[in-house]
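The values are calculated or read from the model by the stated rules, or taken from the named source; none is laboratory data. A quick note: this is a predicted structure, and the numbers were derived from the prediction, not measured. FYI the Cβ positions are ideal-geometry reconstructions off the backbone, even for glycines, and counts take in every protein chain you see.
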Amino acid sequence: MANTKSAEKRIKVIRRRTLRNKSLKSALRTAIRKFEHALAGAAREEAAAALKNALRAIDKAVTKGILHKNTAARKKSRLARRFNKQAS
């Protein structure tokens, strides 16, 4: 339990930020999952569109502080590599 007024405020702020971070992280995972499902299907155009959305979601996660930039670069690289491997 918080002892001071400022500590109470910090608890409220942390709860609000945690909800926001959870929501953004969930949306990121969903975008990546949609790409994986599209890749499993045969439609190349659909997979390309899903890849574009997933890369955008990863970039947004970096700007919001959800992912570290190197983690994002690694995830983007792996997704692009999987897409290119499937294409060839």
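Can you find even one residue in segment 24-41 that is acidic (Asp, Glu), over 16 Å from the mean Cα position of the chain (by Cα) and in a helix (DSSP H, G or I)? No.
Taking (1) more than 12 Å from the chain's Cα centre (by Cα); (2) in a helix (DSSP H, G or I) in turn, Ala2 satisfies each apart from (2). Criterion first (surrounded by 13 or more Cβ atoms within 10 Å (Cβ to Cβ), in contact with a helix residue (DSSP H, G or I) (Cβ under 9 Å, 6 or more places away or on another chain), assigned to a helix (DSSP H, G or I) and modelled with pLDDT of 95 or more) does Ala47 satisfy it? It is false that Ala47 is surrounded by 13 or more Cβ atoms within 10 Å (Cβ to Cβ), in contact with a helix residue (DSSP H, G or I) (Cβ under 9 Å, 6 or more places away or on another chain), assigned to a helix (DSSP H, G or I) and modelled with pLDDT of 95 or more. Considering (1) in contact (Cβ under 8 Å) with a residue 24 or more places away in the chain; (2) surrounded by fewer than 14 Cβ atoms within 10 Å (Cβ to Cβ), the lone condition that Gly41 does not fulfil carries the number (1).
The rows are residues; the columns are (1) touching a residue at least 24 places away in the same chain (Cβ under 8 Å); (2) over 26 Å from Gln86 (Cα atoms).
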residue: Ser23; (1), (2): no, yes
residue: Arg29; (1), (2): no, no
residue: Glu46; (1), (2): no, no
residue: Lys64; (1), (2): yes, yes
residue: Leu67; (1), (2): yes, yes
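When Ile58, Ile66 are checked against the criterion of being among the hydrophobic types (A, V, I, L, M, F, W, C), in a loop (DSSP other than H, G, I, E, B), touching a Lys or Arg at 6+ places or on another chain (Cβ under 6 Å) and surrounded by 13 or more Cβ atoms within 10 Å (Cβ to Cβ), a single residue qualifies: Ile66.
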